[in-house]
Amino acid sequence: MTDASAQTSLSTPVQYLPGVGPTRGNRLKKLGLRTVGDLLFCFPRDYEFPAPPKSVDQLRDGEPASLVGTITDAELVSRSPGKSIFGAVVENESGAVRIVFFNQPFRAEQLVFDRRVMISGQPKLNGLRWEFVHPKVTFLDEQSEIDRPEILPIYPLTEGVKQHEMRAWVTAAADALVDSLSEALPETLRQEATEALRAGGMNLRSPLPDVQTALRAIHRPEDRDALLGARTRFVFQELLVMQLALAMRRRQLTTSLQSSPLTSSALLDARITNRFPFELTGDQRAAMREIAGDMGRQFPMNRLLQGDVGSGKTVVAIYAMMLAVGNSHQAVLMAPTEVLARQHYQTLCRMLADSRVRIGLICGSLTAGQRRDVMAKTASGELDLLVGTQALLHGIEFKSLGLCVIDEQHKFGVRQRVALRSGGIDPHYLVMSATPIPRSVAMTVFGDVELTTLREKPPGRGSVKTYLGRPEWQRRWWDFVRQQLNEGRQGFVVAPRVSASGANTQQGPGELPDDAETELSSEEDVSSVEAVFRQLQRETFPDRRVALLHGQLGNEEKIRLMNEFAEGEIDLLVTTTVIEVGIDVPNATVMTILGAQQFGLAQLHQLRGRVSRGTHTGHVCVFTDGQQPPQEYERLQVFESTDDGFELAEADFRLRGPGDVLGARQSGLPPLRIANVIEDLDILHVARQIAQRLIDEDPNLDDAQWTALKAQVLRRYGKRLDLGDAA
Ligand code: ADP
Ligand code: MG
């Protein structure tokens, strides 16, 4: 043992650990454990906390309990070969209980008269006596008079690897290696973190432990305090390493990329804001100030502007674009779909009608000649603002691009920056999203992005009422819809699919799909817009103007329908999620969502946003198809319970996990091993603050005290975040 441990290092293949060997070593590989070091840092996924020992009168039927006592009677009865019952009595001052084992004759050799044990299990009252069938038994000797059982680690397992084996191997790995580990967190740093965490309300008994103490305690905690201390240390360490990498990258971006400073002045500010036909909200003003501050610097702004649907992000973006134009630079606005691009184009044209600002639109329906013309004017600087869909704007040449605004971006990660440069100068970036990102995620996945949030809604907004519709309500609901239409309002009916038998979406070249209509299923499809449209038009609302809009229509057709709806020439628009993003028709107040279980929370919320744009109260009713009523779906219940996009985002995050919500896998960051950005948000805050301070003081962590820490940052994030320069 001493021999083996003397030679063992972190990189020793796990099979050489005593008791493992090649066969089990291969099994461990399935868990991603190749080296003894991997095993050492394979943190328990959970712990078992055996119930504290009780006295006999505290036992309750079926409630897990432990009891300490002495064996006072034992008997093995063999019925036939292989069939046996072993029964024994465990007694202490508070009374006696019976324990029973079937077909485990070896128990008779262990559980002998006078032996002290602790048993754990679920007691059942059998007659007048409590009985434990197959309890867990811990043998106690005279000295270890424990009143508190130990906490047991629970490791991830794979086929052929048992829990007790993992426990033994991890213990062996720890014995062999713990003392040789180098400390990445100097004591002063641990002290600083401890104080910050305590100030944040965390109940840490002792300061964050050193790596030796912490590793022993994370695998074999003596008590809950020791476990909390150890876990907190490793969570903090993991988050600190990540935040250091992100802080280094932020710093690199600000020092290596060059942008034109686009400065603001009171005059320019007034000239821009005077164009807006309404009073700006406080949040909009604050966002504009932040953006102006960013754009005035020599390095690119990288800001995410998030706000619930209808919070008025577009106005803020227009402000930023006008700031660029006021500085004699161009700006580009990218939308995810052609419909949205056109809507933005029209908004801009309207707002800037009497100005000298020249605006261009580039989209799939332009002829080659028109397209060439717009591109030439963009390159020559004849156009100040260019609006278009993302795909079509790639590779376009600008005379002097100062700002790039990206609308309704749901998925984008640390590494993704749109490749738009002009003359070696990087534009400032403003990204807008209506899918609010929980703060915790913004600090991790979007770690090098500054965040601005519009929480306040423009005044005079109607609220939205959301109902979970039972199938048998449908008729009454349509009566309600009719009533709304009679009052002059308009409505949406949304279903997840185009048709029961349809083909795939047709897309123009280089264009993003307008919506994510789900793949069609072969079974009979009650939630296809075509079926719903036919039914509503023929049976339910034959006297009303009902229209059908979906992503398979041509762009011209889509735009014509949207315009007709906006003009009030259509009463009821049956549609897919093509209307999910951005469409703005204030007179639309009532929305019916069919097949709602097929939509994600964020999507539902986006949809709901379409009927909260005017001064009238909006009404949304969701129906599911199939057997289950909407009340059965947790997601839909959450949707009904709150209208706050941020609460929904947090809930979505909880229900689906961060990866799904954000496409975090695309973010380029490795998964976290022990930290959970939702549960460990407080630690994340502290880690981020400390990381920023360390990088401010020592940008490349060159000081000798950071050697081990820096090595961890580079090992884990160096390649992914291009931190090469710092190496
Ligand atoms: P979103 O954040 O969803 O992109 P928009 O920018 O499209 O929101 O704004 C939604 C609507 O609210 C638009 O019709 C816009 O003109 C209007 N609006 C924006 N800001 C204000 C404000 N401060 N006061 C009144 N209306 C506003
Ligand atoms: Mg918008």
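How high is the relative contact order of segment 558-610, in percent, with contacts defined as C-alpha pairs under 8 Å that are six or more residues apart? Spell out each step's value before the answer.
Values: 22 pairs, mean separation 21.6, N = 53.
Contact order relative to length: 41 percent.
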Sequence ranges 74-85, 358-369, 291-302, ranked by mean other-Cβ count within 10 angstrom, highest first = 291-302, 358-369, 74-85
Give the angle, between 0 and 90 degrees and rounded to the nearest 10, that separates the Cα long axis of helix 555-566 from the longest principal axis of the Cα atoms of the chain.
-> 80
In degrees, nearest 10, the alpha-carbon axis of helix 21-30 is tilted away from the dominant principal axis of the alpha carbons of the chain by 30
Report in % the part of the accessible area of the chain that belongs to carbon and sulfur, leaving out ligands and nucleic acids; probe 1.4 Å.
-> 47
Helix 224-256 vs. the chain, principal-axis angle (Cα, 0 to 90°, nearest 10) = 30
Arranged from highest to lowest average of other beta-carbon atoms within 10 Å per residue, in what order do the peptides 150-156, 172-178 appear?
-> 172-178, 150-156
Roughly speaking, what is the stretch gain from Gln692 to Phe113, that is 0.36 nm per residue apart minus the C-alpha to C-alpha distance, in nm to one decimal?
-> 202.1 nm
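Quick one: compute a quarter of the convex hull surface over the Cα atoms of segment 50-150 and quote it in nm².
Reported value for the Cα convex hull: 6.3 nm².
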So what are the radius of gyration and Dmax for the Cα set of segment 266-454, in Å?
-> 15.6, 47
Which far-off residues, 5 or more places away or on another chain, put their amide H under 5 Å from the one on Val498, with H placed in the peptide plane?
-> Val529
Projected onto the charge dipole of the chain (+1 at Lys/Arg Cβ, -1 at Asp/Glu Cβ, origin at the Cα centre), which of Leu157, Phe533, Ala172 gives the Cα projection farthest towards the positive end?
-> Phe533
Which FRET efficiency value, to the nearest 0.05, is calculated for Thr254 and Arg538 with the Förster distance at 60 angstrom and r the Cβ-Cβ distance?
-> 0.45
Arg285-Ala376 pseudo-label distance in nm [points 7 Å out on the Cα-to-Cβ vector] | 4.7
Round to the nearest 0.05 the FRET efficiency obtained for Arg545 and Glu487 when R0 = 22 Å and r is the Cβ-Cβ distance.
-> 0.90
Theoretical ellipticity at 222 nm over the chain - DSSP helices of four or more residues, -39500 (n - 2.57) apiece, nearest 500 | -10500 deg cm²/dmol
If you stretched the chain out fully between Gln298 and Asp46, how much longer would it get, using 0.36 nm times the residue separation minus the C-alpha to C-alpha distance?
-> 85.9 nm
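Take the Cβ-Cβ distance between His164 and Asp625 as r, set R0 to 45 Å, and report the resulting FRET efficiency rounded to the nearest 0.05.
In this case the efficiency is close to 0.40.
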Relative packing of peptides 230-238, 623-631 - highest average C-beta neighbours within 10 Å first = 230-238, 623-631
Would you calculate the separation in nanometres between label points at Asp225 and Glu187, each defined as 7 Å from the Cα along the Cα-to-beta-carbon direction?
-> 2.0
Counting other Cβ atoms within 10 Å, which trypsin sites (Lys or Arg not before Pro) in segment 1-76 have at most 14 and lie in a DSSP loop?
-> Arg45, Arg60
Mean separation of Cα contacts under 8 Å, 6 or more apart, over the residue count of the chain: relative contact order % | 12
Normalised by the number of residues in segment 1-151, what is the relative contact order in percent for Cα pairs under 8 Å and 6+ residues apart?
-> 20
Calculate the length of the line joining the C-alpha centroid of segment 186-254 to that of segment 523-577, in whole Å.
-> 56
Distant-in-sequence amide H partners of Leu401 (H built 1.01 Å from N, under 5 Å) | Gln330, Ser422
Rounded to whole angstroms and listed largest first, the alpha-carbon spread of the chain along its three principal axes comes to 99, 70, 45
What length, rounded to one decimal in nm, is gained on full extension from Ser355 through to Ser55, with 0.36 nm per residue of separation minus their alpha-carbon distance?
-> 99.4 nm
Applied in sequence order to segment 57-69, the curve 6.51 cos²θ - 1.76 cosθ + 1.60 (Karplus, θ = phi - 60°) yields integer Hz couplings, x standing for Gly and Pro, of 6, 8, 5, 10, 4, x, 8, x, 8, 10, 8, 9, x
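What shape does segment 227-285 have by the C-alpha gyration tensor, where a ≥ b ≥ c are the square roots of the eigenvalues, rounded means a/c under 1.5, and otherwise prolate means a/b greater than b/c and oblate the rest?
Details: a/c = 6.82, a/b = 2.08, b/c = 3.27.
Because a/c hits 1.5 or more and a/b fails to exceed b/c, segment 227-285 counts as oblate.
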Once label points are set 7 Å from the Cα along Cα→Cβ at both Asn92 and Glu195, what is their separation, rounded to one decimal in nm?
-> 4.4
Neighbours of Glu91 by Cβ distance under 13 Å: Lys/Arg at +1, Asp/Glu at -1, summed charge +1
Which ³J(HN,Hα) values, rounded to whole Hz and listed in residue order, are derived for segment 634-651 from phi using the Karplus coefficients 6.51, -1.76 and 1.60 in 6.51 cos²θ - 1.76 cosθ + 1.60 with θ = phi - 60°, glycine and proline given as x?
-> 4, 4, 5, 5, 4, 4, 5, 6, 9, 10, 8, x, 6, 4, 5, 4, 4, 5
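The values are calculated or read from the model by the stated rules, or taken from the named source; none is laboratory data. Since this is a predicted model, take the numbers as computed values, not measurements. Please note: Cβ atoms are built from the backbone with ideal geometry, for glycine as well, and neighbour counts cover all protein chains shown. The area values use the complete protein model at the heavy-atom level, side chains included, leaving out ligands, DNA and RNA. Shrake-Rupley method; radii C 1.70, N 1.55, O 1.52, S 1.80 Å.
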